[in-house]
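J.: Take a look at this one; I'll ask things after.
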Amino acid sequence: MIKTRLDELAVFGGPPSFAHALHVGRPNLGDRAKLFARLNDALDRGWLSNHGPCEQEFEGRLAAMLGVKHCLAICNATVALEIAMRAMGLTGEVIVPDFTAAATPHSVQWLGLTPVFCDIDPLTHNIDPRCAEALITPRTSAILPVHLWGRPCDIEALSEIAHRHRLKLLFDSSHALLCSYRGQKVGGFGHAEIFSFHATKVCNSLEGGAITTNDDALADRIDRMRTFGFRGADNVECEGTNGKLDEFSAAMGLTSLDGLPDFIEANRRNWRRAAHDLKGVPGVEVIAYDENESNNYHYLVLEIEASRAGVSRDALVHILTKENVLARRHFYPGCHRWEPYRTLYPHPRAPLTGTEEVAARVMQLPNGTAVSEVAIDTMTSVIQLAVENAPETMRRLTAAGGTGS
Ligand code: T4K
């Protein structure tokens with residue numbers, strides 16, 4: 001239902017637009033019959049983990065799709081980051097963007113390395129290569145950029161900096177499955193790249209991740225490290241952990257890969273619809289994807305410029321939540337403000353103003369196959385109504401006890 005009067009907003013006493021909550025990160029489920037057939041096959045085989053047929057097929061299909069020599073499936077992307085960094089022999093400091101999921105710096109910290117937070121470019125939301133270079137010290141061993149929202153970061157500049165300073169370059173491509181940079185799918189850049197197949201990602205294996213690389217020796221080390229350092233029976237060659245992807249997860253991953261074109265099409269359709277609906281609404285922008293590149297359109301991200309919209313990002317999140325649209329503020333307030341970092345590193349090495357700006361204005365709307373275009377129209381109409389009547393919206397929110405901030 002399209003609401004046309006402020007009185008109709010749930011925050012002011014109207015019925016919520018949606019009877020059931022719409023989540024950011026609702027999984028794309030794919031074809032259940034195919035999934036159940038794969039699960040049955042795995043049960044019949046009695047082969048449930050340790051490089052089983054589903055896992056091998058998943059790796060093979062991913063490597064072919066991404067045009068990369070090696071794809072090693074891992075139990076999740078966080079462990080994938082840890083294994084990749086260990087296998088690359090990182091030491092000392094690793095430069096990470098400040099605006100990312102906690103998993104990125106946590107994986108560095110977990111290994112006993114020091115994450116050094118780097119500012120982002122407020123236009124792209126990705127790590128700023130010039131800031132990254134300025135943070136390099138004799139202790140730096142690597143740069144770990146993130147392709148946030150699936151929009152590739154400045155790979156050329158980062159590769160050049162890493163090469164010149166003899167640093168390792170590991171991309172956190174958790175958001176960027178099938179996204180391309182200058183026509184080439186991410187996956188084969190830097191020394192290695194990491195993908196996530198968590199339930200909330202565009203392609204999911206329940207929990208899951210992968211490391212891709214064109215480096216044979218690195219792939220071999222990662223392969224051993226993900227299975228306790230084993231090479232063959234009774235032969236442990238190096239330190240290792242348990243990073244294996246089980247067969248049920250891989251079966252879900254394969255089923256998700258089958259459905260991926262449909263998932264991406266649903267994302268793209270919703271992204272375009274939201275951009276169309278919100279065009280001309282002051283202070284509200286849907287982030288752009290470069291349509292000359294390949295994108296998965298998984299993240300439907302809005303930027304709210306409160307001074308132009310007259311309504312703050314937090315007020316809009318509050319209003320939408322009352323409508324049963326559980327919009328999120330990923331990745332507020334920026335890694336340096338989360339523990340343990342704000343205690344361990346209370347004085348960031350360089351200003352993080354890009355993060356501060358972007359963290360204050362972004363919000364994510366639900367997207368994916370669970371969201372229809374009609375639902376997008378309903379969500380955007382709520383935003384439009386609140387912004388078109390901004391002074392009254394804010395006055396009534398304040399009177400009702402909160403603007404959400
Ligand atoms: N690098 C980057 C850049 C990342 O974004 C992430 C993870 C990683 C690395 C590490 O990847 P993994 O180790 O997870 O493979 C979620 C995800 O758990 C996490 O994978 C993701 N990024 C992060 C951005 O989002 P939360 O804390 O937001 O999850 P949660 O529980 O709030 O779920 C999000 C929404 O999804 C909820 O509103 C409900 C809905 N949901 C969730 C699940 C799991 C469902 O509807 N069904 C479900 O099964 O972290």
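J.: What are the pairs, 6+ residues apart or on separate chains, where a residue within the range 147-168 that is within 14 Å of Ala192 (Cα to Cα) has its Cβ under 6 Å from a residue that is assigned to a helix (DSSP H, G or I)?
T.: Cβ pairs passing all conditions: Leu158/Pro129.
J.: Sticking with this structure for a sec: Considering only residues that are part of a helix (DSSP H, G or I) and either outside the structural domain of Asn267 (by TED's automatic domain parsing) or under 22 Å from the mean Cα position of the chain (by Cα) (or both), which ones fall in the range 283-315?
T.: Arg313, Asp314
J.: So how many residues does the range 329-377 have that are under 22 Å from Tyr297 (Cβ atoms) and over 22 Å from the mean Cα position of the chain (by Cα)?
T.: 4
J.: Only one of (1) under 17 Å from the mean Cα position of the chain (by Cα); (2) small (Gly, Ala, Ser); (3) more than 23 Å from Val362 (Cβ to Cβ) fails for Ala134. Which number is that?
T.: Of (1) under 17 Å from the mean Cα position of the chain (by Cα); (2) small (Gly, Ala, Ser); (3) more than 23 Å from Val362 (Cβ to Cβ), only one is false for Ala134: (1).
J.: On to the next question. Test of understanding: among Cys179, Cys131, which residue is under 30 Å from Leu302 (Cβ atoms), assigned by TED's automatic domain parsing to the domain that holds Val79, away from the ligand (no atom under 16 Å from the Cβ) and in contact (Cβ under 8 Å) with a residue 60 or more places away in the chain?
T.: Cys131
J.: Condition (residue is within 15 Å of the ligand (Cβ to nearest atom), under 26 Å from Tyr345 (Cα atoms) and assigned to a helix (DSSP H, G or I)) applied to the range 140-160: is it met by at least one residue?
T.: There is at least one residue in the range 140-160 that is within 15 Å of the ligand (Cβ to nearest atom), under 26 Å from Tyr345 (Cα atoms) and assigned to a helix (DSSP H, G or I).
J.: Report yes if Leu320 is touching a strand residue (DSSP E or B) at 6+ places or on another chain (Cβ under 6 Å), within 16 Å of the ligand (Cβ to nearest atom) and modelled with pLDDT of 95 or more, otherwise no.
T.: Criteria not met by Leu320.
J.: Name the pairs: first residue in the range 86-107 and at pLDDT 95 or above, second residue among the aromatic types (Phe, Trp, Tyr) and open to solvent by less than 10 Å² (accessible area, probe 1.4 Å), Cβ to Cβ under 7 Å, at least 6 apart or on different chains?
T.: As it stands, the answer is Pro105/Tyr341, since those pairs meet every condition given.
J.: Also, quick follow-up: Looking at Val358, Val371 in this structure, which one is β-branched (Val, Ile, Thr), at pLDDT 95 or above and not in a loop (DSSP other than H, G, I, E, B)?
T.: Going through Val358, Val371 in turn, just one is β-branched (Val, Ile, Thr), at pLDDT 95 or above and not in a loop (DSSP other than H, G, I, E, B): Val358.
J.: State yes or no: is Asp277 crowded, with 16+ Cβ neighbours inside 10 Å and charged (D, E, K, R)?
T.: yes
J.: While we're on this one: Being assigned to a helix (DSSP H, G or I), in contact (Cβ under 8 Å) with a residue 24 or more places away in the chain and under 23 Å from Arg38 (Cβ atoms) is true for just one of Asp223, Asp277, Asp258. Which residue is that?
T.: Asp258
J.: Which pairs turn up if I take residues in the range 20-40 that are over 20 Å from Lys201 (Cα atoms) and look for partners that are open to solvent by 50 Å² or more (accessible area, probe 1.4 Å) with beta carbon separation below 8 Å, at least 6 apart in sequence or on another chain?
T.: Partner pairs satisfying both residue conditions: Leu39/Phe248.
J.: Quick check on the range 192-219: of everything there that is in a helix (DSSP H, G or I) and touching a strand residue (DSSP E or B) at 6+ places or on another chain (Cβ under 9 Å), which residue is farthest from the ligand (Cβ to nearest atom)?
T.: Looking at residues that are in a helix (DSSP H, G or I) and touching a strand residue (DSSP E or B) at 6+ places or on another chain (Cβ under 9 Å), I get Asp216.
The values are calculated or read from the model by the stated rules, or taken from the named source; none is laboratory data. Only a predicted model underlies this, so the values are computations on that prediction, with no experimental measurement involved. When we count neighbours, we look across all protein chains shown, and the Cβ atoms used for this are built from the backbone with ideal geometry, even at glycine. Side chains included, ligands, DNA and RNA excluded: accessible areas come from the protein's heavy atoms. Shrake-Rupley method; radii C 1.70, N 1.55, O 1.52, S 1.80 Å.
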